[in-house]
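Novice: Below is a structure I'd like to ask you about.
The values are calculated or read from the model by the stated rules, or taken from the named source; none is laboratory data. A quick note: this is a predicted structure, and the numbers were derived from the prediction, not measured. Methodologically, a virtual Cβ is constructed for each residue, glycine included, from the backbone with ideal geometry; neighbour enumeration extends over all protein chains shown. Please note that ligands, DNA and RNA were not included when accessible areas were found on the heavy atoms of the full protein model with its side chains. Shrake-Rupley method; radii C 1.70, N 1.55, O 1.52, S 1.80 Å.
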Amino acid sequence: MRTMIHELRAALLGISSYRALMEEPLMGSVRRLLDALVKNRGEEALEAYTDVFYRLRREGNMGLGEWIWDKLRYLESPYPTALGTGVCDPALESAARRDIETLALLAGLDCDRLISSMAKRLAEEFAPVLAGLPRWRAGAPFTFQSLTEFYRVHGAGRFARYRAFLWSDGALIPVADPDCPAEEEMLGYTLQREQVIANTRAFLEGRRVNDVLLYGDSGTGKSATVKALLSVPGFDRLRLIEVQKDGLRDMAGLIRSLAGRQQRFILFIDDLAFDQDDRTYSVVKTILEGGLEKRPDNVAIYATSNRRLLVRQTFSDRAGDEVDAQETIQEKTALSDRFGLRIPYLGLSKGEFLDLVEKLARRKGMDVDAADLRREAVKWDMKFPGRTPRGAWQFLASLSAK
């Protein structure tokens, strides 16, 4: 046992490819435990042992191997980065293999043997404490081969763990539980959604595709169409990054950071519109047109807007004293043309709206006569114009409230 602890401690000091793992607080406690046993400091070893157990349970792990497996998959490190970019580095692969084998030995270390080793270094009064110490599960649920296969399929780091993010104030914020409607939750606009899905499928297959602008009436499901892409079968490599208005200025830096990764990224700008002299206008224009720096092939821009032309205009814009006012207006209103795929989401016809109301009422299990339902829906539409899926839901909610 003494030889094994000495060798394991030495091997952990030699971890090179996964240095970030060794900086985790739990691994610091593991190293203190092994150091104390090697240096015959029983009380220090006992304190470190209990800290390891506490940290494991606090993060919801039953064993050290489970915790290591989770960290190896989702920590950024050189080996999965090299795999994702197709770089062949024999020295790095050898170092990663050696590190994984060492960590597997650590994960398989039996708690009873650790406690027995501590008993030899502690006074007799510690015997009841040692007898009551909790154990964690021993065993390594990973190998170098299984981990390498995971990297090849999913990559590593936060883009392997999460599929949706927010970009705001220069920071990428993971969204653990994104609002991604399933196909059966989407209402109407089938042809429009099929265009978006087809463009996205081609994007995931590595083909050159168009940036997409979904424009039209509020409440028609433009944003839902984009978010629902994450629930489409076979779109596992897709990552959705919603760019907030205050993040448009830094979007070029975000795009640069995504280059070379094996996932495909849609930068989603919701409710895109510009006021006059909006400084972010030129940033978006440059990204869509392409500047000196080429945009990576794994990044596409999808946007929604209630405005087809994206830039708000006033009568004073047309009546101003600028010599080339018409050219300026055309330049500002032509931004939407830089989206290669422009898909309109217009309000439903009266018949389509009433059919949708009836369909939703059946789905909700509402016991209402169809003729009465349609008659009330017509009254609602006259009072609250807006023949959209959102309007249909609001109408039914008002009926339920009654």
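Novice: For region 1-69, which helices (runs of 4 or more DSSP H) that fit wholly inside it have 1 or more residues that are open to solvent by less than 70 Å² (accessible area, probe 1.4 Å) and free of Cβ contacts under 8 Å to residues at least 12 places away in the same chain?
Specialist: The qualifying helices (runs of 4 or more DSSP H) are 2-13, 19-22, 25-38.
Novice: Within region 116-140, how many residues are touching a helix residue (DSSP H, G or I) at 6+ places or on another chain (Cβ under 7 Å) and either open to solvent by less than 30 Å² (accessible area, probe 1.4 Å) or part of a loop (DSSP other than H, G, I, E, B) (or both)?
Specialist: 12
Novice: For region 238-252, enumerate the residues that are within 20 Å of residue 281 (Cβ to Cβ) and in contact with a strand residue (DSSP E or B) (Cβ under 9 Å, 6 or more places away or on another chain).
Specialist: Matches in region 238-252: 242, 243, 244, 245, 246, 247, 248, 250, 251.
Novice: Within region 278-295, take every residue that is touching a Lys or Arg at 6+ places or on another chain (Cβ under 8 Å) and not in a helix (DSSP H, G or I) and give me the one that is modelled with the lowest pLDDT.
Specialist: First, pick out the residues of region 278-295 that are touching a Lys or Arg at 6+ places or on another chain (Cβ under 8 Å): 279-281, 283, 285, 287-289, 293.
Subset that is not in a helix (DSSP H, G or I): 279, 293.
Numbers: 279: 70, 293: 76.
Filtering region 278-295 for residues that are touching a Lys or Arg at 6+ places or on another chain (Cβ under 8 Å) and not in a helix (DSSP H, G or I), the one modelled with the lowest pLDDT comes out as 279.
Novice: Under the condition of being touching a Leu at 6+ places or on another chain (Cβ under 9 Å) and not hydrophobic (A, V, I, L, M, F, W, C), which residue from region 344-378 is surrounded by the most Cβ atoms within 10 Å (Cβ to Cβ)?
Specialist: Checked region 344-378; the qualifying residue surrounded by the most Cβ atoms within 10 Å (Cβ to Cβ) is 345.
Novice: For region 109-120, indicate whether the set of residues that are of a type in the set (S, T, N, Q) and closer than 23 Å to residue 19 by Cα is non-empty. Before you say what the answer is, go through the steps one by one.
Specialist: In the first step, residues of region 109-120 are kept if they are of a type in the set (S, T, N, Q); the result is 116-117.
Subsequent filtering for residues that are closer than 23 Å to residue 19 by Cα retains none.
No; the residues of region 109-120 include none that is of a type in the set (S, T, N, Q) and closer than 23 Å to residue 19 by Cα.
Novice: Which number in (1) closer than 21 Å to residue 130 by Cβ; (2) surrounded by fewer than 18 Cβ atoms within 10 Å (Cβ to Cβ) marks the one condition that residue 91 misses?
Specialist: (1)
Novice: Does residue 156 satisfy the criteria of being in contact with a Lys or Arg (Cβ under 7 Å, 6 or more places away or on another chain) and either surrounded by 17 or more Cβ atoms within 10 Å (Cβ to Cβ) or not in a loop (DSSP other than H, G, I, E, B) (or both)?
Specialist: yes
Novice: Return a yes/no flag: does region 309-328 have any residue that is modelled with pLDDT under 85 and within 30 Å of residue 207 (Cα to Cα). I'd like the intermediate steps shown before the answer.
Specialist: The first filter runs over region 309-328 and keeps only residues modelled with pLDDT under 85, leaving 309-328.
Checking which are within 30 Å of residue 207 (Cα to Cα) leaves us with 309-310.
Yes; the residues of region 309-328 include at least one that is modelled with pLDDT under 85 and within 30 Å of residue 207 (Cα to Cα).
Novice: Tell me which of these residue 300 doesn't satisfy, since it passes every other one: (1) part of a loop (DSSP other than H, G, I, E, B); (2) at pLDDT 90 or above.
Specialist: The number of the failed condition is (1).
Novice: May I ask you to say which residue of 73, 113, 97 is under 21 Å from residue 5 (Cβ atoms), in a helix (DSSP H, G or I), open to solvent by 20 Å² or more (accessible area, probe 1.4 Å) and not aliphatic (A, V, I, L, M)?
Specialist: Working: 73 fails: under 21 Å from residue 5 (Cβ atoms); 97 fails: under 21 Å from residue 5 (Cβ atoms).
Result: 113 is the single residue among 73, 113, 97 that is under 21 Å from residue 5 (Cβ atoms), in a helix (DSSP H, G or I), open to solvent by 20 Å² or more (accessible area, probe 1.4 Å) and not aliphatic (A, V, I, L, M).
Novice: Can you list the strands (runs of 3 or more DSSP E) lying wholly within region 182-275 that have 2 or more residues being under 20 Å from the mean Cα position of the chain (by Cα), at pLDDT 95 or above and surrounded by 18 or more Cβ atoms within 10 Å (Cβ to Cβ)?
Specialist: 238-243, 264-269
Novice: Sticking with this one: When the residues of region 388-401 are narrowed to those that are of a type outside the set (Gly, Ala, Ser) and open to solvent by less than 80 Å² (accessible area, probe 1.4 Å), which ends up farthest from residue 366 (Cα to Cα)?
Specialist: Just the residues of region 388-401 that are of a type outside the set (Gly, Ala, Ser), to begin with: 388-390, 393-396, 399.
Keeping just the survivors that are open to solvent by less than 80 Å² (accessible area, probe 1.4 Å) gives 388-389, 395-396, 399.
Numbers: 388: 20, 389: 17, 395: 13, 396: 9, 399: 10 Å.
My answer is 388.
Novice: Hey, another quick one. For the structure I just gave you, tell me whether residue 365 is over 20 Å from residue 222 (Cα atoms) and either touching a strand residue (DSSP E or B) at 6+ places or on another chain (Cβ under 6 Å) or part of a loop (DSSP other than H, G, I, E, B) (or both).
Specialist: On the way: over 20 Å from residue 222 (Cα atoms): yes; either touching a strand residue (DSSP E or B) at 6+ places or on another chain (Cβ under 6 Å) or part of a loop (DSSP other than H, G, I, E, B) (or both): yes.
The answer is yes for residue 365.
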